[in-house]
Structure formats: structure tokens, C-alpha cells
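These notes concern the structure reproduced below.
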Amino acid sequence: MRPNQLFWTAQNLGSRALKVPDSLREYQNLFELLGVKDSPEPTDYLEIVLDIIKEYGDTGHSLPKEDLRIYQKCLEILSTEIGAGSHELEEQC
């Protein structure tokens, strides 16, 4: 689990993005120093898409329904960000 997969709010991205339990809020400063955020940024969605591609790209297997849903959601968000002219994505690509 990488810091860009942990958030203080639920993301509806299955096991690809997890909510830090409220019981750990007392360590919020530490988590934020490690890169944990309230919600994903465009580059976090891009990382999720790349993780799914790395995991299933050359296997010849179909994506499981949950990963397909997450993949499509991330692509929709990225498409919106690109349409809005996200500079964060331009720097990443």
C-alpha cells in the first residue's frame, strides 16, 4: 500500500484506494507527511489506471468486474480533468 492509495475520506475505488480509519486521526500529521490526502488528485487516478494495466495488461484475462468499474471511473475522472486543462496531468505525462 502506497500513500497515494490512502485517503481520509472514502473513495468508492475498492481495494485500490482505502480510507484511513478515524481511529488513526491522532496521527494525521504523520500520515500527511507520508503523502496521505483527503481525496485523490488526478495523478492518483492515473496511478490506479497504470496499476490495473500492469496487473492485467499482458495476461489475456478479462478484468474482474470491480477492477473494470474502478478503471472506468478513473478514466472518466481523468477525461474530465484533461478537458478542464489539468496542469498536474500535463506534468505527469
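Values in this text are rule-based calculations from the coordinates and carry no lab data. Please read all numbers here as calculations on a predicted model, not as lab measurements. Cβ atoms come from the backbone with ideal geometry, glycine included; neighbour counts cover every protein chain shown.
Per-structure values
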{"read-out": "Using alpha-carbon coordinates, inclination of helix 42-56 to the longest axis of the chain, degrees", "value": "50"}
{"read-out": "Max mean-square fluctuation residue, GNM over the chain, Cα-Cα springs under 10 Å, options Gly60, Gly35, Gly83", "value": "Gly60"}
{"read-out": "Candidates Glu26, Glu47, Glu76: whichever shows maximal mean-square fluctuation once the chain is modelled as a Gaussian network with Cα springs under 10 Å", "value": "Glu26"}
{"read-out": "0 to 90° range, to nearest 10: angle between helix 65-83 axis and the chain longest Cα axis", "value": "80"}
{"read-out": "Net charge of Cβ neighbours under 15 Å - reference Glu66; Lys, Arg +1; Asp, Glu -1", "value": "+1"}
{"read-out": "Most fluctuating residue given options Leu24, Leu46, Leu68, as computed from a GNM of the chain linking Cα atoms under 10 Å", "value": "Leu24"}
{"read-out": "Förster radius 41 Å - calculated FRET efficiency between Gln72 and Leu24, Cβ distance, rounded to 0.05", "value": "0.85"}
{"read-out": "The chain - charge dipole about Cα centre, Lys and Arg +1 at Cβ, Asp and Glu -1, debye rounded to 20", "value": "360"}
{"read-out": "Answer label, with Cα Rg over 2.2 N^0.38 Å calculated from the coordinates and candidates (i) 1.15; (ii) 1.03; (iii) 1.29", "value": "(i)"}
